[in-house]
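Colleague: Shown below is the structure under consideration.
The values are calculated or read from the model by the stated rules, or taken from the named source; none is laboratory data. In this text, all values refer to a predicted model and were calculated from it rather than measured experimentally. With ideal geometry, Cβ positions are generated from the backbone for all residues, glycine too; neighbour counts draw on all protein chains shown. Keep in mind that these areas ignore ligands, DNA and RNA; they rest on the heavy atoms of the full protein, side chains included. Shrake-Rupley method; radii C 1.70, N 1.55, O 1.52, S 1.80 Å.
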Amino acid sequence: MVNVREPVVNYGLVVEPAPMPPHIPEVPEIGASSAPLMSASFFIGARCKPYGDDYLLCKKEANGRGELDCLSEGRRVTRCAISVLSDIKKHCAKEFFTHWDCLDRNELEFRNCRPAEAILNSCVYKNLGLEKKIPGTAEGTTPIHLREKYIYKPYREDPASIALAKAKASE
Amino acid sequence: MKPELFKQPFKYMRWCAHHYPAYFFSLLLGFSFPVAALAVTPLRRKFLYDDHIPIPRTYPLPRRAREPLTGFGDDDKEFAKYLKN
């Protein structure tokens, strides 16, 4: 008989062996796994690009001591990402969940979840004003996420996102 | 009657294509591939579409000095509202 055990995570038992010193201000964890981060990535980039650039310019200026000297810039990057995820959860919770759940089930590939992505993009643009822009898209070409026809078809159609698209269309 | 190569090159090639098709077409393909290998990419760039911008291998760092930023600092009191959802 195979030993079957329910997976349990008890954060009460997890102890940080080397906590940050008390004089360094606290910053919360983002608290998202890879699928939600992937789903929100272009919106995080749209809002937090100045902070991310500033952090990496600081690290370049610090000349090897960036991990110590740029802690406050790093905290700003974390807080900015948290703000984007929090806003998306507040205004587009259902669309966001549909998209990242689809990504999670389909190998974290954007091409497998285009219907859900279109709904999420329009919702986020309407409510937060953040737009997905792929850097380096050649001029005069339609970005990949706005194309009607695809060379590479999705691995499999996601039933939840198609159902959400139908529900949105009938509204 | 066999045509002469240097007087009537196209007729000679047609004669070869009929009398020695295996040699003729294998030589034709063999000579056309090096030419295509050199010519196709420049012609594609000129007439069809350009190369794509190389994908960055690391964070594309902007070439500018740092600018002072506001928001999301350690003393930002507005940030607490994001932690409620």
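Colleague: Could you state the number of Å between the C-alpha centres of the range B:5-24 and the range A:29-51?
Modeller: Going from one Cα centre to the other spans 66 Å.
Colleague: Given bins 10 angstrom wide, list per bin the percent of all Cα-Cα distances in the range B:8-49, short to long.
Modeller: Spelled out per bin, shortest first, that is 26, 33, 25, 15, 0.
Colleague: Among B:74-82, A:95-103, how do they line up from the highest to the lowest mean number of other beta-carbon atoms within 10 Å?
Modeller: Peptide ranking by packing, descending: A:95-103, B:74-82.
Colleague: How much of A:Cys58 can a 1.4 Å solvent probe reach, expressed as accessible area in Å² and rounded to 10?
Modeller: My reading of the accessible area for A:Cys58 is about 10 Å².
Colleague: Let me ask something additional. If I compute solvent accessible area with a 1.4 Å probe over the protein chains, what percent of it on the range B:8-49 is carbon and sulfur?
Modeller: 74
Colleague: Let me ask something additional. Quick one: plug the Kirkwood hydrodynamic radius of chain B (C-alpha pairs) into Stokes-Einstein at 4 °C, 1.567 mPa s, and report D in µm²/s.
Modeller: It diffuses with D of about 63 µm²/s by this estimate.
Colleague: Give me the accessible area per residue for chain B, probe 1.4 Å, as a whole number in Å².
Modeller: On a per-residue basis, 96 Å².
Colleague: How many Å² of accessible area per residue for chain A, probe 1.4 Å? Intermediate values should be presented prior to the final figure.
Modeller: Numbers: 11440 Å² over 171 residues.
I get 67 Å² per residue for chain A.
Colleague: Hey, another quick one. A:Lys149: which aspartates and glutamates have alpha carbons under 19 Å from its alpha carbon, excluding same-chain residues fewer than 8 sequence positions away?
Modeller: Hits, sequence-local ones excluded: A:Glu109, A:Glu117, A:Glu139, A:Glu157, A:Asp158.
Colleague: So, one more: Please give me the summed charge of the neighbours of A:Glu109: other residues whose Cβ is under 12 Å from its Cβ, Lys and Arg +1, Asp and Glu -1.
Modeller: +1
Colleague: With 18 Å as the cut-off, how large is the P(r) tail for the range A:93-168, expressed as percent of Cα-Cα pairs?
Modeller: 42
Colleague: I need the peptides A:83-90, A:62-69, A:148-155, A:124-131 ranked by packing, meaning the mean over residues of other C-beta atoms within 10 angstrom, with the highest value on top.
Modeller: Put in order of decreasing packing, that is A:83-90, A:124-131, A:62-69, A:148-155.
Colleague: Per residue of B:70-79, how many C-beta atoms from partner chains lie within 10 Å of its own C-beta, taken as a mean?
Modeller: Numbers: counts 0, 6, 13, 6, 9, 1, 3, 0, 1, 8.
Mean partner-chain Cβ count within 10 Å for B:70-79: 5.
Colleague: Still on this model: Please say if the range A:62-113 is rounded, prolate or oblate, where rounded means a/c under 1.5 for a ≥ b ≥ c the square roots of the C-alpha gyration tensor eigenvalues, and otherwise the choice is prolate for a/b larger than b/c and oblate otherwise? The partial results should precede the final answer.
Modeller: Numbers: a/c = 5.42, a/b = 1.96, b/c = 2.77.
Here the range A:62-113 falls in the oblate category.
Colleague: Partner chain Cβ atoms within 10 Å, averaged over the residues of A:54-63 - can you pull that number for me?
Modeller: 3
Colleague: If one takes the accessible area of chain A alone plus chain B alone and subtracts that of the pair, with a 1.4 Å probe, what total in Å², rounded to the nearest 100, results?
Modeller: Chains A and B together bury roughly 2100 Å² of accessible area.
Colleague: Quick one: pull the percentage of alpha-carbon pairs in chain A with a separation above 27 Å.
Modeller: Summing the P(r) tail past 27 Å for chain A gives 42 percent.
Colleague: Could you let me know the centre-to-centre spacing of the range A:103-171 and the range A:68-100, using Cα atoms, in angstrom?
Modeller: 20
Colleague: Another question, then. Show that you can apply the helix-only estimate: for chain A, add -39,500 (n - 2.57) for every DSSP H stretch of four or more residues, divide by all residues, and state [θ] at 222 nm to the nearest 500.
Modeller: So the helix-based figure for chain A works out to -18000 deg cm²/dmol.
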